[in-house]
1. May I ask you to list the residues in the range 51-74 that are outside any helix (DSSP H, G or I), open to solvent by 50 Å² or more (accessible area, probe 1.4 Å) and more than 23 Å from Glu120 (Cα to Cα)?
2. Between a residue in the range 1-14 that is over 18 Å from Tyr184 (Cβ atoms) and any residue that is among the aromatic types (Phe, Trp, Tyr) and not in a helix (DSSP H, G or I), which pairs come within a Cβ distance under 8 Å, given they are 6 or more apart or on different chains?
3. Among the residues of the range 95-124, what is the count of those that are in contact (Cβ under 8 Å) with a residue 60 or more places away in the chain, under 12 Å from the mean Cα position of the chain (by Cα) and assigned to a loop (DSSP other than H, G, I, E, B)?
4. Restricting to the range 75-94, and then to whatever is among the aromatic types (Phe, Trp, Tyr) and in a helix (DSSP H, G or I), can you tell me which residue is surrounded by the fewest Cβ atoms within 10 Å (Cβ to Cβ)?
5. Residue check, Val2 against (1) within 23 Å of Tyr89 (Cα to Cα); (2) surrounded by 14 or more Cβ atoms within 10 Å (Cβ to Cβ); (3) in contact with a helix residue (DSSP H, G or I) (Cβ under 7 Å, 6 or more places away or on another chain), all met but one. Which one?
Amino acid sequence: GVHISWYKDGIMPWTAEKFGLCYSYRQKRQIIPIRYWMDGRLVGTNARTTVENYDLFNIRKYFISPGYNKTANIYGFWENQNDIEKAGYCVIFEAERSVLKRDSLHDSTGLALQGHSISEEQVRIILSLDIHEVVIAMDKDVPIEEVWSICERFYLKRTVTYIIDKYKLLGSKDSPADAKNKIYNYLFRYREKYDEEKHNSYMNKLKNKQVKN
């Protein structure tokens, strides 16, 4: 099941059952099983502390299984693949909690990179989906250049869009999935397309950065 703080944060029992969430009373951590994208094998866990003000006690926020290679996997792929392909698109978040929050609102289109960068293998995994659109939904504090760098990996391979908080509806470090459903749906509806103009803008920024270096 889920810790009361996660339940209050919007992660529901049906999602806990679907993703196999459990709680360690001894460690005071919410345990998130991580399954291999291709066959559902358990390949690790991510344990998130439920201790308040954990940083004051020198407690790590996350403890991921030693040896787990997150660059070779996509969180939520195994559980959400069928619903994603029915919808025709996926939404790529940073963290597992974003996938879980959206699933709790009956939106099973989320995947998580478990970070805000993407590897070649993760790109390959996502492109294996029978979908027409990839939506990038990084946390608000991720610079737009980093968002565009992820978009670039899918440019001309799929329609690529990204969620951007132009109207300051999110907290400074929030994921779009942290928003209430009405706000999330608004941000999703007005997502921006990574088109030729943005591609050229990103390429020019990269060239200028290289010149300066």
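1. Residues of the range 51-74 that are outside any helix (DSSP H, G or I), as a first pass: 51-53, 58-69, 73-74.
Next, from what is left, pick out any that are open to solvent by 50 Å² or more (accessible area, probe 1.4 Å): 52-53, 58-64, 66-67, 69.
Glu52, Asn53, Asn58, Ile59, Arg60, Lys61, Tyr62, Phe63 - these are the residues of the range 51-74 that are outside any helix (DSSP H, G or I), open to solvent by 50 Å² or more (accessible area, probe 1.4 Å) and more than 23 Å from Glu120 (Cα to Cα).
2. Final answer for the pair search is Gly1/Tyr23; Val2/Tyr23; His3/Tyr23.
3. Counting residues in the range 95-124 that are in contact (Cβ under 8 Å) with a residue 60 or more places away in the chain, under 12 Å from the mean Cα position of the chain (by Cα) and assigned to a loop (DSSP other than H, G, I, E, B) gives 2.
4. Here is the first cut: in the range 75-94, the ones among the aromatic types (Phe, Trp, Tyr) are 75, 77-78, 89, 93.
Within this subset, residues satisfying the condition of being in a helix (DSSP H, G or I) are 77-78.
On the way: Phe77: 23, Trp78: 17.
Residue satisfying both the conditions and the ranking: Trp78.
5. All conditions are met except number (1).
The values are calculated or read from the model by the stated rules, or taken from the named source; none is laboratory data. None of the values given here were measured: they were computed from a predicted structure. FYI the Cβ positions are ideal-geometry reconstructions off the backbone, even for glycines, and counts take in every protein chain you see. Areas reflect the complete protein model, heavy atoms only, side chains present, ligands, DNA and RNA absent. Shrake-Rupley method; radii C 1.70, N 1.55, O 1.52, S 1.80 Å.
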